[in-house]
Amino acid sequence: MSNNNRREPSVAIIGAGMTGILAAIKLREAGINDLTILEKADELGGTWRENTYPGVACDVPAHMYTYSFRGNPEWSNRFARGNEIQTYFRQVAEEFGVAGQIRFGEALERSHYVDGKWQLHTSKGNDFSVDFVVAATGILHHPVYPDIKGLDSFQGDMWHTARWNHDVDLAGKRVGIIGTGSTACQVIGDIAEQCGDLTIFQRTPQWIVKVADKDYSETDKASLRGQQGKLTALSKRYAFAMRNTFSAGVTGKKLPLALMSWMAKRNLRKSVRDPALREKLTPDYPVGCKRLIINSTFYDAVQRDNVSLETTGIERITDRGVVTVDGETHELDVLILATGFSPFEFMRPMELKGRNGVDIEDVWGRKVQAYRSVCIPGFPNFFLMLGPNTPIGNYSVIAMSEVQTDYVLKLIEQWRAGTLDEVEATPEAKQRYNDYLKAGMGKTVWVRGCQSWYLDADGDPAMWPYSWNQWVRELEQPDLKDFRPAA
Ligand code: NA7
């Protein structure tokens, strides 16, 4: 308790990726200094630490993919490469004094809510309690390994893109890659030239939009150094463009959707010369239904002489390679799994038990939902960053994290002031919120007949179906009616 009778919370932040670093900075700015930051790995950076595959880059323009309060004049390209993004996060964490506070190599294993406190147990055997837990554990971090017969029998080198094996030189090798999502497109564009032969196993074609990359010269960078105002203006320009094209289009705005469709179809038509290949690369679902791929290297790569696109389904994998359903064996030295991530795990695996021992596995067993993506009834004083229905089509996830962190801070303020004893959304509020989300999904392009990682087992997109501005407005002030009142 501080002098003015405000309660001062202790907070554990789980994860030191983009969101965890941000949460730490903002909590400290709000005068909350009793912070514990746990990071399971021995380095910060989350996604950008884990994804080191060739060609890894962010498909949101770099100057928009930064914290609003700390632009980065040093980006070398319009679409920043993974290693530069990782460097940026490390720099920010150091500048703001967060890096030294992170407990590396320590995962949160158990989190139980008992008598108004979270009792935590970590992988290093440490036990402690805090008032609040902020799960900044990211969305796409559980690699999916395809359920294909014989996968483990392959005798060559095989890995998932998020676990890239840098010890294997691909030069001259017979390489296969399963998947044609954003990751595969970046990888293929980068490795095609060095491989002996590259076979792409495509289950479903994807729509791809080309937004030209651009190198930033030393002069460009120099003009931005020490100029946060200019960096902010640049970021806002890109954000405006992304919001009013891709984000608006996927949520049902007709003109932006028509523009997206035109861009993707034109890109395919102009980029791929051979009609038979073009046919194979043409999706049968609307543009934007799966996450739109922004890429400028894949179509060139797929037309190289040493690259083939295999659209016959995979029957099984043997010690020597991939057997397609037509009986053909594709002999391979290396098999790369660009098969994506499981987006519904969030902070799991972790034993998470809320009020009266309620288990997250039971609560989420049937459906993964939250109130405003952030709060889960039964789990007071627990905040899930970038939780279900956060993603906003092709927009910067950093901007989303900033909005949610401000919202969480406002809720913690209510606790500090004693307006809320515990911060817990009511089940009714959660239900109302999810009904409201569902009501908006019908006009989005995600429900127009494709499979994608956006959809849960019921076919409901785990996305935000309205506009960015509406999302920001609704998170501006917590609606206290939706929370359990103080006793
Ligand atoms: P995605 O977008 O989930 O793509 C995964 C790809 O792997 C996709 O082409 C899938 O085909 C394919 N896939 C998955 N399982 C199989 C099996 N069993 N057989 C054949 N093909 C398979 O993951 P990414 O890593 O590319 O991108 C994830 C996000 O990261 C991206 O949206 C950005 O936000 C950043 P499918 O289309 O399902 O037929």
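The values are calculated or read from the model by the stated rules, or taken from the named source; none is laboratory data. Since the structure is predicted, the reported quantities are computational estimates derived from the model, not experimental observations. Neighbour counts are summed over all protein chains in view; Cβ atoms, including those assigned to glycine, are modelled from backbone coordinates with ideal geometry. Accessible surface areas use protein heavy atoms only, side chains included; no ligands, DNA or RNA. Shrake-Rupley method; radii C 1.70, N 1.55, O 1.52, S 1.80 Å.
Selection of region 196-212 for residues being β-branched (V, I, T) and open to solvent by less than 30 Å² (accessible area, probe 1.4 Å) yields T199, I200, I208, V209. Within region 114-165, being touching a Ser or Thr at 6+ places or on another chain (Cβ under 9 Å), of a type in the set (G, A, S), more than 16 Å from the ligand (Cβ to nearest atom) and open to solvent by 30 Å² or more (accessible area, probe 1.4 Å) holds for one residue alone: S129. From A457, A425, which residue is among the small types (G, A, S) and within 30 Å of Q119 (Cβ to Cβ)? When all the criteria are applied, what remains is A425. Only one of the numbered conditions (1) surrounded by fewer than 21 Cβ atoms within 10 Å (Cβ to Cβ); (2) within 16 Å of the ligand (Cβ to nearest atom) is violated by S401, and that is (1). R416 passes every criterion in (1) within 28 Å of V130 (Cβ to Cβ); (2) open to solvent by 20 Å² or more (accessible area, probe 1.4 Å) apart from (2). Evaluated against (1) under 20 Å from M242 (Cβ atoms); (2) buried (at least 17 other Cβ atoms within 10 Å of the Cβ); (3) among the basic types (K, R), K430 falls short on exactly one condition, (1).
In region 3-11, the count of residues that are at pLDDT 95 or above, within 23 Å of the chain's Cα centre (by Cα) and open to solvent by less than 20 Å² (accessible area, probe 1.4 Å) is zero.
Restrict the check to region 442-461 and report whether at least one residue is in the same structural domain as V423 (by TED's automatic domain parsing), of a type in the set (V, I, T) and assigned to a loop (DSSP other than H, G, I, E, B).
Looking through region 442-461, at least one residue is in the same structural domain as V423 (by TED's automatic domain parsing), of a type in the set (V, I, T) and assigned to a loop (DSSP other than H, G, I, E, B).
Figure legend. Inter-residue proximity from region 88-112: first residues within 12 Å of G20 (Cα to Cα), second residues open to solvent by 60 Å² or more (accessible area, probe 1.4 Å) and not basic (K, R), beta-carbon distance below 8 Å, spacing 6+ or different chains. No pairs are indicated. L255 passes every criterion in (1) surrounded by fewer than 18 Cβ atoms within 10 Å (Cβ to Cβ); (2) assigned to a strand (DSSP E or B) apart from (2).
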